[in-house]
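What follows is calculated from the coordinates using simple rules that are stated; it is not laboratory data. Everything numeric here is computed off the predicted structure, so don't read it as measured data. All Cβ positions, even for glycine, are placed from backbone atoms using ideal geometry, and neighbour counts span all protein chains on display.
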Number of protein chains: 2
Amino acid sequence: MPTRTAAQRREAARAEYDAFLATCPSRQVLDRISDKWVTLVLVALADGTKRYSDLCRVIAGVSQKMLTQTLRTLERDGLVARTATLAVPVRVDYDLTPLGESLMPAVNAVKAWAEQHIGDIEASRATYDSRTAAR
Amino acid sequence: MPTRTAAQRREAARAEYDAFLATCPSRQVLDRISDKWVTLVLVALADGTKRYSDLCRVIAGVSQKMLTQTLRTLERDGLVARTATLAVPVRVDYDLTPLGESLMPAVNAVKAWAEQHIGDIEASRATYDSRTAAR
DNA sequence: CAGCATCCGGATGGATACTG
DNA sequence: CAGTATCCATCCGGATGCTG
């Protein structure tokens with residue numbers, strides 16, 4: 001009777017690690033802000049209240065499905081506040097909550113780094129590509 | 001002569017959107033650090049040189065394919081340096097480049113925010129879920 | 001040891017149509 | 001206006017097997 005196979009051990013390790021990641025705060029937050037649309041919504045709301053249709057227009061290219069889904073998760077996480085005004089026509093406003101605002105410095109730190117170093121990255125890519133293409 | 005098909009319009013829209021994204025530095029960088037494995041590799045390398053097999057072990061749960069792929073893009077972007085030692089057996093070391101190190105403060109800012117506010121987020125989720133479940 | 005090629009299932013997310 | 005519901009193509013990423 002053999003011990004566990006390599007595959008079984010690997011799977012166990014992966015499951016364990018996944019469990020670790022699931023409880024890792026940094027991981028959870030990163031999973032959020034890493035979302036394709038989350039940061040775009042965040043910066044859009046950073047300069048003031050926006051209506052659903054405003055967001056749809058400002059973030060050109062987002063589908064309704066993704067915008068709604070993004071707003072729901074942000075609302076659930078307490079980063080964004082949703083205010084519905086029952087009238088005709090319906091009006092829904094979204095703002096950053098204080099918690100959402102407190103995240104902006106971190107987001108802006110990444111943004112600042114990006115704008116400062118994108119040139120280096122692109123230069124590196126060009127070098128890398130020309131070198132690999134030569135082979 | 002028919003007008004453009006739905007597929008053609010879809011492709012045109014996507015191409016336009018891709019072009020927009022391509023010009024956004026923040027987006028490009030966020031796409032990188034948002035990758036499931038990128039930040040894990042970054043923090044693993046932040047405390048020193050690591051061999052391929054070290055990374056494989058430290059970041060339990062990553063597949064070889066993903067680890068290699070992650071390292072390649074990081075190398076291409078100039079965030080990570082790859083050093084191969086031709087010997088038997090082959091030995092390959094990875095380090096952060098100065099550029100990669102300069103990114104760490106921004107990553108740590110997000111990490112710090114995460115650890116500080118994860119409680120608020122989880123509380124918000126609990127409230128949100130109990131409220132929606134009640135309906 | 002480090003890495004590549006291939007296959008493939010499932011999640012992701014876009015298009016579209018419909019509703020209060 | 002602000003969504004919801006559904007369908008479906010694409011792509012991500014894991015498993016596996018093979019090299020220098």
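Cβ-to-Cβ counts within 10 Å put A:ASP47, B:ASP93, B:ASP35 in ascending order as A:ASP47, B:ASP93, B:ASP35, the fewest first. In this structure, the amide hydrogen of A:ARG51, modeled 1.01 Å from its nitrogen in the peptide plane, lies closer than 5 angstrom to those of A:TYR94, counting only residues at least 5 positions away or on a different chain. A Stokes-Einstein calculation at 10 °C with viscosity 1.306 mPa s, built on the Kirkwood radius of the stretch B:36-135 over Cα pairs, returns a diffusion coefficient of 101 µm²/s.
Which of A:LYS111/B:LYS50; A:LYS50/B:LYS111; A:LYS65/A:LYS111; A:LYS111/B:LYS111; B:LYS36/B:LYS65 have a Cα-Cα distance over 22 Å? Write out the running numbers ahead of the final one.
Values: A:LYS111/B:LYS50 28 Å; A:LYS50/B:LYS111 28 Å; A:LYS65/A:LYS111 26 Å; A:LYS111/B:LYS111 15 Å; B:LYS36/B:LYS65 13 Å.
Beyond 22 Å between Cα atoms: A:LYS111/B:LYS50; A:LYS50/B:LYS111; A:LYS65/A:LYS111.
Since only A:TRP113, A:THR127, A:ALA19 are under comparison, the one whose Cα sits farthest along the positive direction of the charge dipole of the stretch A:19-135, derived from C-beta charges on Lys, Arg, Asp and Glu, is A:ALA19. Annotation for B:ALA123, label-to-label distances across the other copies: 4.7 nm (shortest first, one decimal, point 7 Å from Cα along Cα→Cβ). With its label point put 7 Å out from Cα toward Cβ, B:ALA112 sits 1.2 nm from the same residue's point in the other copies, in order from shortest. Karplus-based coupling profile of the stretch A:41-46, in residue order and whole Hz: 5, 4, 5, 5, 7, 4, with θ = phi - 60° in 6.51 cos²θ - 1.76 cosθ + 1.60 and x standing for Gly or Pro.
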